[in-house]
Amino acid sequence: MEVARVTSRGQITIPIDIRRKLGVREGDKVIFVEDDDRIFVANAARVAFDNVRRAFAGEAERLGLKTEDDVVALVKEVRREMWEERNADHA
């Protein structure tokens, strides 16, 4: 168990062991999650990534993406299509 003191401005210093476990460094954001009568602190970037991962679950399989090269090729194709759409008026 780690303890931190609250300053007069409502600030706390997250103990180093907790920062390491959360994977947060200077400048990172943390979120506070309320669950009944408890508050949890979490790494905001990790939570956002997990939410995106869950939202896109199954999409790679649906699109036939099996490797990193497949993803790179898809990104290039989308960029090419967007470039063509933007420049269609100039042709």
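The values are calculated or read from the model by the stated rules, or taken from the named source; none is laboratory data. Note that this is a predicted model, so its numbers are computed, not measured. Here Cβ is always computed from backbone atoms with ideal geometry, including for glycine, and neighbour counts include all displayed protein chains. Surface areas here come from the heavy atoms of the whole protein model, side chains and all, with no ligands, DNA or RNA. Shrake-Rupley method; radii C 1.70, N 1.55, O 1.52, S 1.80 Å.
Note on exposure: 2, 61 ranked by accessible area (1.4 Å probe, complete protein assembly) read 61, 2, with the most exposed listed first. Maximal additional length on extending the residue 57-residue 25 stretch stands at 8.7 nm, based on 0.36 nm per residue less the C-alpha distance. Take each peptide in 77-87, 14-24, count the other Cβ atoms within 10 Å of every residue, and average; sorted highest first, the result is 14-24, 77-87.
Entry note, the stretch 12-66: relative contact order of 22 percent, from Cα contacts under 8 Å with a spacing of 6+ residues. With Cα atoms as the point set, the stretch 1-51 shows a radius of gyration and Dmax of 11.8, 34 Å.
Dividing the convex hull volume of the alpha-carbon atoms in the chain by its residue count gives 225 Å³ per residue. About the centre of its Cα atoms, the chain shows a dipole size close to 480 debye [charges on the beta carbon of Lys, Arg (+1) and Asp, Glu (-1) only; nearest 20 debye]. Placing a pseudo-label 7 Å from each Cα along the Cα-to-Cβ vector at residue 7 and residue 49 gives an inter-label distance of 2.9 nm. Can you show me the helix-derived [θ] at 222 nm for the chain, built from DSSP H runs with n ≥ 4 at -39,500 (n - 2.57) apiece and divided by the number of residues, rounded to the nearest 500. After summing the helix terms and dividing by the residues of the chain, the value is -14500 deg cm²/dmol. Annotation for the stretch 6-60: chymotrypsin sites (Phe, Trp or Tyr not before Pro) lying in DSSP loop with at most 14 further Cβ atoms inside 10 Å of their Cβ are 56. Sorted largest first by accessible area at a 1.4 angstrom probe radius, with every protein chain in place, the residues 62, 53 fall in the order 62, 53.
Ordered by 1.4 Å accessible area with all protein chains kept, 39, 31 run largest first as 39, 31.
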